[in-house]
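Throughout, read-outs are computed from the coordinates displayed, never taken from laboratory work. As the structure is a prediction and not an experimental result, all values here were calculated from the model. In this analysis, Cβ positions are derived from the backbone assuming ideal geometry, glycine residues included, and neighbour counts consider all displayed protein chains.
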Amino acid sequence: MTGTMLLLLCAELIARYAFGQYLFLGGTNAVTGEPFGFGFADAEPPGVIGGVNLSVAVLIVHGWMYVVYLMSTFRLWSLMRWPFLKMIVLALGGVVPFLSFVVEKKFHAEVEAELATNPQAPQRY
């Protein structure tokens with residue numbers, strides 16, 4: 001989920017800084033005064049008055065999901081007793097686009113293999 005939100009964040013940042021657009025839901029078009037449904041509008045000067053700025057919502061949601069992601073990766077890292085470098089790679093999975101998908105696949109397989117080879121190990125959650 002963090003990886004997906006990171007991709008949305010990258011798309012939002014490209015829309016904002018390359019094209020000067022925010023993603024809005026609702027509000028009123030600042031130029032025509034007509035109701036604004038859903039879509040992109042100018043960032044500066046504001047193209048929509050009122051409504052929900054979904055671009056900011058993506059930033060906030062990704063930030064909080066990354067905090068939960070870091071806590072989860074720390075827990076996995078400490079339970080598996082991996083070297084610190086793996087913790088760094090896991091943490092980077094939430095900030096480098098597409099890396100989270102690679103990390104999840106690789107480390108998931110590694111954890112499954114470890115659990116299969118040590119069935120007598122206590123299962124702590």
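Averaging sequence separations of C-alpha pairs under 8 Å and six or more residues apart, then dividing by the length of the chain, give the relative contact order as a whole percent. Relative contact order comes out at 24 percent. Fully extending the segment from residue 112 to residue 7, taken as 0.36 nm per residue of separation minus the present Cα-Cα distance, adds 35.1 nm.
Taking the Cα centre of the chain as origin, sum charge times position over the Cβ atoms of Lys and Arg (+1) and Asp and Glu (-1), and report the length of that vector in debye to the nearest 20.
Values: 7 positive and 8 negative charges, 114 e Å.
Charge dipole, the chain, about its Cα centre: 540 debye, nearest 20.
Using only the alpha-carbon atoms, how far is helix 99-117 inclined from the longest principal axis of the chain? Give it as 0 to 90 degrees, nearest 10. Tilt relative to the chain: about 20 degrees.
Which of the peptides 112-120, 85-93, 1-9, 28-36 is most tightly packed, and how do the rest follow, going by the mean number of other Cβ atoms within 10 Å of each residue?
Numbers: 112-120: 8.9, 85-93: 16.4, 1-9: 18.1, 28-36: 12.4.
Ranked by mean Cβ neighbours within 10 Å, highest first: 1-9, 85-93, 28-36, 112-120.
Positive end of the dipole of the chain (Cβ unit charges, origin at the Cα centre): among 54, 25, 118, the Cα lying farthest that way belongs to 118. Please find the FRET efficiency linking residue 81 to residue 57, where r is the Cβ-Cβ separation and R0 is fixed at 41 Å, and quote it to the nearest 0.05. With a Förster radius of 41 Å, E is 0.60. Sequentially through segment 62-74, phi angles give Karplus couplings (6.51, -1.76, 1.60; θ = phi - 60°) of 4, x, 5, 5, 5, 4, 5, 4, 5, 5, 5, 5, 4 Hz, Gly and Pro residues having no value and appearing as x. Shown in residue order for segment 76-83 are the 3J(HN,Hα) couplings computed by the Karplus curve 6.51 cos²θ - 1.76 cosθ + 1.60 at θ = phi - 60°: 4, 4, 6, 5, 7, 6, 7, x Hz (x for Gly and Pro). Using just its DSSP H runs of length 4 or more, each adding -39500 (n - 2.57), the chain gives a mean residue ellipticity at 222 nm of -20000 deg cm²/dmol after division by all residues.
The translational diffusion coefficient of segment 2-117, from Stokes-Einstein at 10 °C and 1.306 mPa s with a Kirkwood hydrodynamic radius over alpha carbon pairs, comes to 98 µm²/s.
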